[in-house]
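Asker: Below are the structure tokens for one structure; questions will follow.
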Amino acid sequence: MHASVDSSPHAPGPDPDRPLRLRRLVYLTEADEVTIGSPETDTYAVFPADGAELVRQLADGVTPREAAERYEAEHGESVDIADLIGVLAELDLLRPADGQDGAPEDGPARPVRWQRLGRAVFSRPALTGYALVTALAVAETIRVPALLPRVDNLFFSPSYTLVVLVLFFGQAPLLALHEAFHALAGRRLGLRSRLSVGHRLVHLVLETSLDGLVSVPRRQRYLPILAGMLADVLAIAVLTLAADVLRGVDAGVSRFCLAIAWATVLRLAWQGFFYLRTDLYVLLGTLLGCVDLHAAAGDVLRNAVRRFTGRPPVDLAVHHPADRRAARWYAWLMVVGYAFTLSMFAGVVLPTAYRLLRDVWLRLTGEASAAGRLDSLLLMLLTLAQTGAVVVLSVRERRAARAAVRTAAARSA
């Protein structure tokens, strides 16, 4: 915020002698930085303390010229108030001139839907119940080793097409539950959420955006971050107990429950892939007060490779100080994540793929029944369809990124 500029009435932009119309803003002070944003637009940014004070004055009705004069009188230097107004406009924190944004300027904010349900789902009695169910499932698994998660649990049916379809559609409600827990944990705090479809490597995933999470105290962010994993653990526990109860009633349904539980265990293990932006990554970044730990740790690893190959290192000074401090050890945790991925690949993916490919090959080249051959062909088509969907999403994301770069370049030209 320390720059000498012209804030005269002839400068382009809003009239410096008229108050700005800002949206309803929230402020969160942490150390010497302040997060400012609006729940109306779910846009937030981190400002230095002096810049945040300027925004507060503008929001209170002080004209831009008067705010700049106050800043110069207090700090002994001028401020680029026009640049600050441009940042606020880019964040969509200024109300449209015609006032047709549909958001009321005064009065209480619109209540967030499902807030009461979120409070009930994460109340103390509910959390106590979740803990008891999980403990009971662990005790029963110890008593009955057949309930333990294992690769063979996936093959609950001789029809591999049925296995893939059931696992896909059977996981869909659990994926929705995972994201619903994230959303409800945020909505109980009055935060809005958005659900989108993305991909991780070659898998389609659902993603919940809780942009407003940065506007609440850090201690209140942990439950929304961990809520998805809580849902996964609870689902595994319930499915394990259901499989145990059904063992002597309906063995097929019992095996189905164990298959879904094993798939959920694999999804939970995904959180250990520290080189991805998983829930555990977000948790660590929040605990440590980081801005972009992933990028800083990636540069630390690049520098390790560059030192080995004799190339000049990447400049780490571009990263936030908290990111630089944590990246020194988190970079090696990313290496652990790669190692864990390789172990999962060797211990789970390869055995599963080998069994599927071997049986499909034998069915197509041997004397399998027509139903067996059809089942194998359908399995291949389903695999290609999922891969194609991931490719389409990747292409769309790259096109959107390129369009954003072109737009930014056009604006700066």
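The values are calculated or read from the model by the stated rules, or taken from the named source; none is laboratory data. As the structure is a computational prediction, the values presented were derived from the model and not from experiment. Counting neighbours? That spans all protein chains shown, and the Cβs are built from the backbone with ideal geometry, glycine included. Side chains are part of the model used for accessible areas, which takes the heavy atoms of the whole protein and leaves out ligands, DNA and RNA. Shrake-Rupley method; radii C 1.70, N 1.55, O 1.52, S 1.80 Å.
Asker: Could you check the range 259-284 and list, in sequence order, the residues that are of a type in the set (D, E, K, R) and free of Cβ contacts under 8 Å to residues at least 60 places away in the same chain?
Answerer: Arg277, Asp279
Asker: Does Tyr338 qualify as being among the hydroxyl-bearing types (Ser, Thr, Tyr), under 30 Å from Glu179 (Cα atoms), assigned to a helix (DSSP H, G or I) and open to solvent by 60 Å² or more (accessible area, probe 1.4 Å)?
Answerer: yes
Asker: Return yes or no: is Thr141 in contact with a Leu (Cβ under 6 Å, 6 or more places away or on another chain), within 16 Å of Ala235 (Cα to Cα), open to solvent by less than 30 Å² (accessible area, probe 1.4 Å) and of a type in the set (Val, Ile, Thr)?
Answerer: yes
Asker: I'd like to check something: does the range 296-313 contain any residue that is over 19 Å from Phe273 (Cβ atoms), touching a helix residue (DSSP H, G or I) at 6+ places or on another chain (Cβ under 6 Å) and part of a loop (DSSP other than H, G, I, E, B)?
Answerer: yes
Asker: For the range 38-84, give me the residue count where each residue is within 24 Å of Leu210 (Cα to Cα), buried (at least 18 other Cβ atoms within 10 Å of the Cβ) and aliphatic (A, V, I, L, M).
Answerer: Summing the residues that are within 24 Å of Leu210 (Cα to Cα), buried (at least 18 other Cβ atoms within 10 Å of the Cβ) and aliphatic (A, V, I, L, M) in the range 38-84 gives 2.
Asker: Filter the range 56-79 down to residues that are touching a residue at least 40 places away in the same chain (Cβ under 8 Å) and aliphatic (A, V, I, L, M), then give me how many there are.
Answerer: Number satisfying all stated conditions: 3.
Asker: Of the residues that sit in the range 257-286 and are in a helix (DSSP H, G or I) and not hydrophobic (A, V, I, L, M, F, W, C), which one is farthest from the chain's Cα centre (by Cα)?
Answerer: Step by step, filter the range 257-286, then rank; the result is Thr264.
Asker: Which one of these is in contact with a helix residue (DSSP H, G or I) (Cβ under 6 Å, 6 or more places away or on another chain), open to solvent by less than 50 Å² (accessible area, probe 1.4 Å) and either in a helix (DSSP H, G or I) or of a type in the set (D, E, K, R) (or both): Gly252, Gly228?
Answerer: Gly228
Asker: Going by what's in this entry, would Trp332 be described as at pLDDT 90 or above, open to solvent by 30 Å² or more (accessible area, probe 1.4 Å) and not aliphatic (A, V, I, L, M)?
Answerer: Yes; evaluated as a whole, the condition is true for this residue.
Asker: Among the listed residues Phe156, Phe169, which satisfies the condition of being surrounded by fewer than 14 Cβ atoms within 10 Å (Cβ to Cβ) and either modelled with pLDDT under 90 or closer than 17 Å to Leu268 by Cβ (or both)?
Answerer: Criteria check complete, one pass: Phe169.
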